[in-house]
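First up is the structure itself, then whatever we jot down about it.
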């Protein structure tokens, strides 16, 4: 909740302080830097040290940064550099938090129920993504940005208290394997992780799927304001409804995955989900009617979460416990690939228009999945 609230509060705060649309983009762009630089280190740390401790430290730092922003706003000492510094800091601690949390889930859930667990996690993720920004908007309207940041700090404090109460998972590999990891250099541990990601065909295929989807299809969301204002003529309210439709589809997909779990053929659904994702975005780019666009966004959300959750399941299920932190850190590098795709789709939209840019890139993403299906026959048989 606090993370998604920050997506609204930080943008609103920097715009209040600078009245600059350029700095709206810059404050988001700076958050990609820690992900790119620190992801390998974060994944290795999650495999070498206590994952619970890594999560706790990250959450405490998050809580303190949000509380500091609230205090700076209340005392009227807030400056733009505070927003940039905390944006960078938030991205850095999130980089360490994400692989540890994802790997910890696999540590405590029986392997036969891992898909169900990741589906449940997707439900929580999408509920928070739907409610968090709306709550931030209400708090900003009534109490100002200080009220939103104070609430975000309180949420992280609650999360920290509950994390402390969690029992420490004791995976079977904790002993000899972790001791050998401590003996190896950190750089060697990182390289070992990259070697494993390439040598394991199922993991390599899953990472390839998520990277291609993040490069070609996911960036279409960058151009949603253009579709809402200039193509569908529904303004900011319409853009919100489009995102709500995407959220409804995402929630439905998460519920399906949580229910069916390992009964789903992961390989087929992983590849087919991205194909459906790409084709539904192509259809959205051509839609002249707002009502049809909302329906298509429901399908987009459904296909996106279906493929994304199953890729994550494949990567964790086919990685030994001692490699899961490093594999999830590589998985989260898809956020950096998304940033590259967003810049590329912006250039194409400037040259050929938003509709053609979205259609061409999404079609390329769908065709890439067909190519994987043909050239890597084992991908379709991943369970």
inquiry  = Taking the beta-carbon count within 10 Å as an exposure proxy, list 16, 322, 192 from fewest neighbours to most.
reply    = 16, 192, 322
key: Residue exposure sequence - 156, 149, 15 - by fewest surrounding Cβ within 10 Å   = 15, 156, 149
Percentage relative contact order, the chain, counting C-alpha pairs under 8 Å, at least six apart = 27 percent
ask   = Quick one: if you stick a label point 7 Å off each Cα along the C-beta vector at residue 37 and residue 164, how many nm between them?
value = 3.2 nm
inquiry  = Per DSSP helix of 4 or more residues, -39500 (n - 2.57); summed, then divided by the residues of the chain. What does that give at 222 nm, rounded to the nearest 500?
reply    = -28000 deg cm²/dmol
request  = Could you please rank 306, 63, placing first whichever residue has the fewest other Cβ atoms within 10 Å of its Cβ?
outcome  = 63, 306
remark   = Expressed in angstrom and rounded, the centroid-to-centroid distance over alpha carbons for the range 104-150 and the range 314-376 is 23 Å
note = The simple spin-label model distance between residue 134 and residue 229, using points 7 Å out along Cα→Cβ, in nm, is 2.5 nm
message = Of the listed values [x] 60, 49, 30; [y] 94, 51, 40; [z] 58, 54, 36, identify the label whose number matches Cα extents along the principal axes in Å calculated from this model.
response = [z]
ask   = How much length is gained if the chain between residue 77 and residue 141 is pulled fully straight, taking 0.36 nm per residue apart and subtracting their Cα-Cα distance, in nm to one decimal?
value = 21.0 nm
inquiry  = Can you tell me the length gained on complete extension of the stretch residue 241 to residue 15, counting 0.36 nm per residue apart and subtracting the Cα distance?
reply    = 79.1 nm
inquiry  = Take residue 286 and residue 259, extend 7 Å from each Cα along the Cα→Cβ direction, and tell me the distance between the two endpoints in nm.
reply    = 3.1 nm
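Every number here is computed from the coordinates shown, using simple stated rules; none is lab data. Note that the structure is a prediction, hence the values are computed from the model and not measured. Note that each Cβ is placed from the backbone with ideal geometry, even for glycine, and that neighbours are counted across all protein chains shown.
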